Amino acid sequence: MGGVPLDPLPDWVPARRREIGARVQAARLAANLTQMELGLRIGRDHRTIHRWEYGERVPNLDDLLLLADVVGMPLADLVRD
């Protein structure tokens, strides 16, 4: 099990991941939070926040809900196209 997925993701998925990451970063900055501060407030390491913001990893739904709450933004605004 594990390893490389059998079907690679369509090209639009990594692009969309980066868009969401940019929204997370913009929301964090608008809330005047550092990656470290945001991480502390939602129980994640600042490196995880960095990975989300640059589209290297994907926050799960619980993380997105916590993020939206901390930055005072509706969840839909973080992920909306």
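A Förster radius of 22 Å combined with the Cβ-Cβ distance from residue 41 to residue 76 puts the calculated FRET efficiency at roughly 0.60. Considering only protein heavy atoms and a probe of 1.4 Å, how much of the accessible area of the chain is carbon and sulfur, as a whole percent? Ligands and nucleic acids excluded, carbon and sulfur reach 56 percent. The mean of 1/r over all distinct Cα pairs in the chain, once inverted, gives the Kirkwood hydrodynamic radius of 13.1 Å. Take every Cα pair under 8 Å whose residues are at least 6 apart in sequence, average their separation, divide by the length of the stretch 9-81, and the relative contact order is 35 percent. Using the rule -39500 (n - 2.57) for each DSSP H run of four or more residues, divided by the residues of the chain, the 222 nm mean residue ellipticity is -18500 deg cm²/dmol.
Accessible area per residue for the chain is 69 Å², calculated with a 1.4 Å probe on protein heavy atoms, without ligands, DNA or RNA. Working out 0.36 nm times the residue gap between residue 18 and residue 57, then minus their Cα-Cα distance, what length gain in nm do you get to one decimal? So the chain would gain 13.1 nm between residue 18 and residue 57. In the stretch 22-81, taking the dipole from charged Cβ atoms about the Cα centre, the farthest positive-side position among 59, 33, 75 is held by 33. Rounded to the nearest 20, the size of the Cβ-charge dipole of the chain about its Cα centre is 160 debye, with Lys and Arg at +1 and Asp and Glu at -1.
The values are calculated or read from the model by the stated rules, or taken from the named source; none is laboratory data. These numbers were taken from a predicted model, which means no experiment stands behind them. Methodologically, a virtual Cβ is constructed for each residue, glycine included, from the backbone with ideal geometry; neighbour enumeration extends over all protein chains shown. Each accessible area value is taken on the protein alone, full model and side chains, heavy atoms only, with ligands, DNA and RNA left out. Shrake-Rupley method; radii C 1.70, N 1.55, O 1.52, S 1.80 Å.
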